[in-house]
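Participant: Just passing along the structure, written as structure tokens.
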Amino acid sequence: MVLRSRERGRVGHRRLLHNTTPPHQVRGRSLFGLERTDLALGPLVRTTIALTAGILTGAYLIRERRRREAGERVAAASLEALLNAIDANDAQTGAHVRRVAAYALVLADAMQLDEHQQKNVERVALFHDIGKVHEALFDIIHENTNLTPAERRAIATHPQRGADVLAPLAPFYPELAEGVLAHHERWDGTGYPRGLRGRQIPLSARIVTLADTFDAITHSRRYRDARAANSAADVIAAGRSTQFDPGLVDLMLLPPVFARILDEQRQFTRQPRSKRSDRRRGERESAVPDVMFRWRTEPRVSPLQDSSSQRSR
């Protein structure tokens, strides 16, 4: 009687499994019933599938891009409508934000910001006071008496009100509401509404704060007369490292940069600027989400002012 080793039996068993024909192949056919010669069609099939998938993907991307562009046009038109609402509600505020935008763009260009960043600065400047277009704040802003503490607190809500108005446009202009919200923050952290400090404040808001201050000093307000540009420069220099970004203050007060700001100021007091394309006339621009707004620069005369001037004649 011959005993066979268990190890040998296991090896033989493994050899048997190794040589067993796979269950999915019977007489040269695969699981799908194709002859082996039919497998030569595989590369052609795969190529066709890849081309079809590429065409479908391209069509989908084109459709999504067109949908996005349509949304961007709507968003840009919404900004135009809001700008018109500011001008219609309060011509003084409309003129103010246009001047602030011009000064802010001088600073942005002097910093050598790219085109997208400059347009973002312009948008923040144009909309920084949109929160004042509010019935509760309108009378306070235009009263000829000194503000009470309660009225000052009410005015201080306008950055948050403005950010809330612009929040629906965040998918197209993600930095706009944040810049508007922060334009009354101070470099030393004592500003409002969040007490941001230093570089926590968005760059666009730091630029607009300087431009806003310059315009507030050099143009008459209901509670004080306009002051000279040199006086504005002195106030800005005094606020270096407390209210304002020190680097931006130094840049703004450089003679060539300050001269450009003065030139912009003179342009607003001399004659209207030439306009480019205007979407309100149905003209389309290629880079819709980054449009440069071209407002009229001549002051708008309200019907009440016009009637009073006619009576005075």
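Rule-based calculations on the coordinates, nothing more; no lab input. It should be emphasised that the depicted structure is a prediction, and the values quoted were computed from it without experimental measurement. Because the Cβ atoms are built from the backbone with ideal geometry, glycine has one as well, and the counts that use them run over all protein chains shown.
Participant: Going by a ≥ b ≥ c, the root eigenvalues of the Cα gyration tensor, does the range 173-225 fall in the rounded group (a/c under 1.5), the prolate group (a/b larger than b/c) or the oblate group?
Facilitator: It is prolate, given that a/c is not under 1.5 and a/b is the larger ratio.
Participant: How would you rank 257-266, 123-132, highest first, on the average number of other Cβ atoms within 10 Å across their residues?
Facilitator: The most tightly packed comes first, giving 123-132, 257-266.
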